[in-house]
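Bear in mind that the values in this text are calculations on the coordinates, not laboratory data. Nothing here was measured: the structure is a model prediction, and the numbers come from that model. Methodologically, a virtual Cβ is constructed for each residue, glycine included, from the backbone with ideal geometry; neighbour enumeration extends over all protein chains shown.
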Amino acid sequence: MSRHRVPTPEELAELADQELERLAVEWRARASRGAEQAFGVAHALEVELRQRVRASRALELPPPARPPRPWWKFWQTRPPGGPSSGPSSGPTPSS
């Protein structure tokens with residue numbers, strides 16, 4: 001990257017995560033010391049870093065939990081619409 005040019009998305013994609021984090025911290029420090037051109041570079045690096053972190057954290061999410069059965073259906077062992085729902089298809093008592 002040149003001194004104060006904002007990096008392109010292709011350049012950012014080539015950086016390793018550790019290198020991206022190091023550059024983001026370095027450019028943010030330059031911007032905080034008053035280098036006006038450093039604000040754009042620091043912002044671009046931080047945006048890419050946040051996107052990578054967000055994507056990696058989304059992969060770690062557990063699967064959604066099943067909703068609990070309503071308390072008034074405590075006798076049901078299977079979800080509604082399963083093979084045991086409806087009238088039984090077993091033998092009927094004969095008279």
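Details
- Sequence ranges 39-49, 55-65, ranked by mean other-Cβ count within 10 angstrom, highest first: 39-49, 55-65
- Available extension along the chain between Ala58 and Ala29 is 7.5 nm, counting 0.36 nm per residue and deducting the alpha carbon span.
- Amide H contacts under 5 Å for Ala35: none, restricted to partners 5 or more places along the chain or on a different chain, H placed in the peptide plane at 1.01 Å from N.
- P(r) for the range 9-59, from all Cα pairs and a bin width of 10 Å, is 27, 51, 20, 3 %, short bins first.
- Radius 14 Å from Cβ of Ala16, net charge of other residues (Lys, Arg +1; Asp, Glu -1): -4
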